[in-house]
Structures are given as structure tokens and as C-alpha cells.
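Here the structure is laid out as C-alpha cells; the discussion comes afterwards.
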Amino acid sequence: MKNRVEELRRQYGIKQEAFAHEMGVSRQSIGSIENGRYNPSIQLAIRIARYFGLAVEDVFLMDGAPAWLTVEMLSKMPADSLLAKNREHNLSITLPEGPITGQGNRFPSQFSYSTFMTAFNGAEPVAVYNALTLTGRPVPFADILTEFEGNGLPLLDGYAGTDPRELGRYFEAHEIPFRTFTLQSEFNAAVSEGSVFVISHWNDRFFRELKGMRTVAGVFKNGAWTLYNTHTDDTEPRTYRTLAEALRGKKFFLGYLFV
């Protein structure tokens, strides 16, 4: 049985030994639970879930169950946790309507994501925000950041951004229909008039800096590819005649197409 004990414990900023003391068990027991080697008793599972202010089924997941904490669940985090502090800060910022054209611009740059500001590491959550906006399913940017952070999507505490392969978990959790592509040719062939998409590409020049991955959202309309947040300091979306032109000098890594 899968569980989110370690993830939640880290969100609360409590060490394994201290948490074990709170639960009245040994540190080894908590370690075994977190590693999936031991399923706790019903009483201990309830005690753990109540500590985090969640239902048991939100902490302990049967095989095959969706593993995603929603913003409603995460809003129960203690006020002094990093997640709660980031959320309070993010909710105080009002974005202009429409997609984010550049994450380094005045308002988008001010949001917090894990231990960094989104001007530095926000390409993936910005891409999801833009895609949902373009498909007519707008979601507050603060909610997206909370769920990404609360579900452990930031890499290296946000220094390396977000693994784009994890974005599908968000779409599945919110029942957003999509298709995934790993080949540029297949993705290109599947896009049609009005298609909204998210694509991740790799630039080898920045490999050693862990900055080679970029994720952007866009729309294919009137035979043109319009991409948002192609560069951090963009103030307008960029339009290309072909996907190959948009990805010149880059390698297609992953694509999400919304249906």
C-alpha cells in the first residue's frame, strides 16, 4: 500500500524521530511505513492521518488509487509550514487576466514555489496555468503552485524546476482529458485547428546548469503555432509557422495535447 507519510512529514518540517515520538512508535517503524515495507495498524493509520488533518484514505493509498492531494486537503497544513506560508503569499497577488506571457514579468515573478520565486523555476506551473486558461478551464495560479508543491513536484527544492513527466498527475487528478506524446512527429501529426498543448524541450547548452529543460503552453490556430512564456522576459506570445521552427536548436522531450 502506498502512502504519503514522508511527503507530509517533510511538509510539516518534522524530523522522523520527532514524528515517531508523536505517534508513540519507534523511528524504525515510521521508516518502514514511509518505505512501504510495513502497513500500520488501523489505529496508527488513523493517528497519523489525524495528525495531518486528513482522512486516512488521503494518506494511505491502495494500489491503483490516484495519488494526489488537492488544494482543499493541503489548505489544512499548519500555518508555519513552508507550503502554508507560500500559499498565503501567493494568494495576495492578483494576476492580470489571460495567459502569462513571461514568468519574469512584474506579477508572475512574485509568486513563491518551494524555496524559490517563480521567475526562476516556474515554467511548468506557468505552462499548466496557461493551458487551462487557453482551454477555458481557468484555475488560480496560487492553487496550481500549492498542489504542485504539496504533491512533491518541485525538483531539488525547486532549484531544478519541475519534472514535466509529472504534469500528467495533475491533469488526471482534475479529470482533464489529454494525450501524451514522446515523439515530435506523432505530436505534430495529432495537432489540429484550435488545439491547446503543453510541450517540453531540451537545450543541451545548459545541461550542466540543470537549466536545459523548458516547458511552455500554446495553441495551434490559423496554421500558426503560438507559444507563451517561451522566454522568461517575454511580454508577448511568440508565433511560429511550424513546430520545427519553434523548436529550432532544441530537442522535443514531451508533449501534452488537450482534447
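The values are calculated or read from the model by the stated rules, or taken from the named source; none is laboratory data. Nothing here was measured: the structure is a model prediction, and the numbers come from that model. Please note: Cβ atoms are built from the backbone with ideal geometry, for glycine as well, and neighbour counts cover all protein chains shown. When the accessible area is computed, the model is the full protein with side chains, heavy atoms only, and any ligands, DNA or RNA have been set aside. Shrake-Rupley method; radii C 1.70, N 1.55, O 1.52, S 1.80 Å.
Points worth noting:
- Residue 51 vs. criteria modelled with pLDDT of 85 or more, hydroxyl-bearing (Ser, Thr, Tyr) and within 23 Å of residue 80 (Cβ to Cβ): yes
- Subset of region 80-102 (residues that are of a type in the set (A, V, I, L, M, F, W, C) and free of Cβ contacts under 8 Å to residues at least 12 places away in the same chain): 84
- Residue-level analysis places residue 30 outside the set of residues that are open to solvent by 70 Å² or more (accessible area, probe 1.4 Å), farther than 25 Å from residue 146 by Cα and either over 21 Å from the mean Cα position of the chain (by Cα) or at pLDDT 90 or above (or both).
- If the condition is being among the polar types (S, T, N, Q) and closer than 11 Å to residue 113 by Cβ, then region 138-158 contributes only 146.
- Hits in region 149-179 (condition: within 19 Å of residue 201 (Cα to Cα), without any contact (Cβ under 8 Å) to a residue 60 or more places away in the chain and either of a type in the set (A, V, I, L, M, F, W, C) or in contact with a Ser or Thr (Cβ under 6 Å, 6 or more places away or on another chain) (or both)): 153, 154, 155, 158, 160
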